[in-house]
Amino acid sequence: MLAALSPGRSVVRRPLRSRDTELMVRALRGLGIDVVDDGPDWVVDAPDGSPRVRESALDVGNAGTCARFLPALAALSVGTVRLDGDPRVRERPLGALLAGLRTLGADLDRVDALPLVVRGTGRVRGGTVELDASESSQLVSGLLLAAPRFDEGVTVRHTGPTLPSAPHLAMTVEALRAAGATVDDSVPGTWTVAPGRLTARDAAVEPDLSTAAAYLAAPLVTGGSVTIPGWPRQTSQPGSVLPDLLAAMGGRVSRTDDSVTVSGGDGLHGIEADLRDAPELTLVLTALAALADSPSRFTGVAHIRLQETDRIAALATELNARGGDVRELPDGLVVTPRPLTGGPMDSYDDHRVAMAWAVLGLGVDGVLVRDVATTRKTVPDFVGSWTGMLDQTAG
């Protein structure tokens, strides 16, 4: 997104190639941004001015990032475009962002959900907007990322009672500043981005630490060790808390300057954790908790009911069907370990649900993960990499 808004040539180094990112690249091309494959990298050539729409319809799949980041960019393009995607994405929270974008001067045919028609004029006035981002931090990020190109920049004030995934907003601010934007986030719950020209640059993509959860969790079930190379020492990614949580559940963790290793310990133990800043970890941790020697309680994640699926309900339904004892809370769940039986487990077209059941299957014979291919949303070859990890561990 930032490369598409930065006139000139940028290079995105080592990007994740998955359904979500490929949908974003195709959408950028449809909005008039040139994105070219260059080995493991993407080269992005953005015009010095407003891009002209090349495609009248853009598919966002079930990617919240695409659904929430693209409307502002479409408004800054010249031409009319329709955004739509999978049936589930039409149910995902988007209204607060769209209403805010219209307040800032964008021409939209609706302000509640997809499908959405954006009539881009190449300019957005900008200004100040208040919105409730309690359902997703991306409702703020979707405005902030495009704000330097707004005539007046933007000030966003969050009015809701909670702000989930707050570290993701810190990541947004960090990325904006790295691209040359001036951002003031000194007042909690308020972000001001000044209008200005962004700088084309080379940007290396960190490994996705939240998606590493399934792999690093495996040794707690099977024994052995798993090492993730490229794990950053300093990062604003919320997934950086994963090793500490796994250590609390009984794993042994060691680090180098550019890697983290998790090994099986003296058992698998339940924990209590507020996961509001790292909600993506809830699913794999719940799978571990179902195999632990004591109960677990995870809270602060009410908003994950509104993601690819109702994740709290999915976890409880599938684990209880296999003999588990999972109690839903308004903002999380309580897991009391019980002997589990194998059998089919639905993924609900949710990549993180499918990966959680892969972890569970390491400790329960006969688990069948339905539609494991849905993991391609964020992991292009999950089955291959998972099988390869297990083969190396066995060796």
What the Cα atoms of the stretch 8-204 span along the principal axes, largest first and in whole Å, is 44, 34, 29
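Take every Cα-Cα pair in the stretch 213-394 and report what % of them are more than 19 Å apart. All intermediate terms of the calculation are to be shown ahead of the outcome.
Working: 9019 of 16471 pairs.
For the stretch 213-394, the fraction of Cα-Cα distances above 19 Å is 55 percent.
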Take the chain, compute every pairwise Cα distance, and split them into 10 Å bins from 0; I just need the percent in each bin. 5, 23, 32, 24, 13, 3, 0
Rounded to a whole number of µm²/s, how large is the Stokes-Einstein D of the stretch 25-79 at 37 °C and 0.692 mPa s, given Rh as the Kirkwood radius over C-alpha pairs? 279 µm²/s
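Would you mind calculating the gained length between residue 255 and residue 370 on full extension (0.36 nm times residue separation, minus the Cα-Cα distance), in nm to one decimal? Kindly include the intermediate steps, with their values, before the conclusion.
Details: separation 115, 0.36 × 115 = 41.40 nm, distance 3.47 nm.
Going from the current span to full extension adds 37.9 nm.
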If you consider only alpha-carbon coordinates, what radius of gyration and Dmax does the stretch 241-280 have, in Å? 11.1, 29
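Could you work out [θ]222 nm for the chain from helices alone, using -39500 (n - 2.57) per DSSP H run of at least four and dividing by all its residues? Round to the nearest 500 deg cm²/dmol.
Details: 11 runs with 114 residues, N = 395.
Calculated from helices alone, the mean residue ellipticity at 222 nm is -8500 deg cm²/dmol.
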If you line up the Cα atoms of the stretch 68-138 on their principal axes, what length do they span on each, largest first, in Å? 29, 27, 16
If R0 = 25 Å, then residue 78 and residue 197, at their Cβ-Cβ distance, give a FRET efficiency to the nearest 0.05 of 0.85
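Just so you know, all these numbers are worked out from the coordinates, no wet-lab data involved. As the structure is a computational prediction, the values presented were derived from the model and not from experiment. No Cβ is skipped: glycine too gets one built from the backbone with ideal geometry, and neighbour counts run over all protein chains shown.
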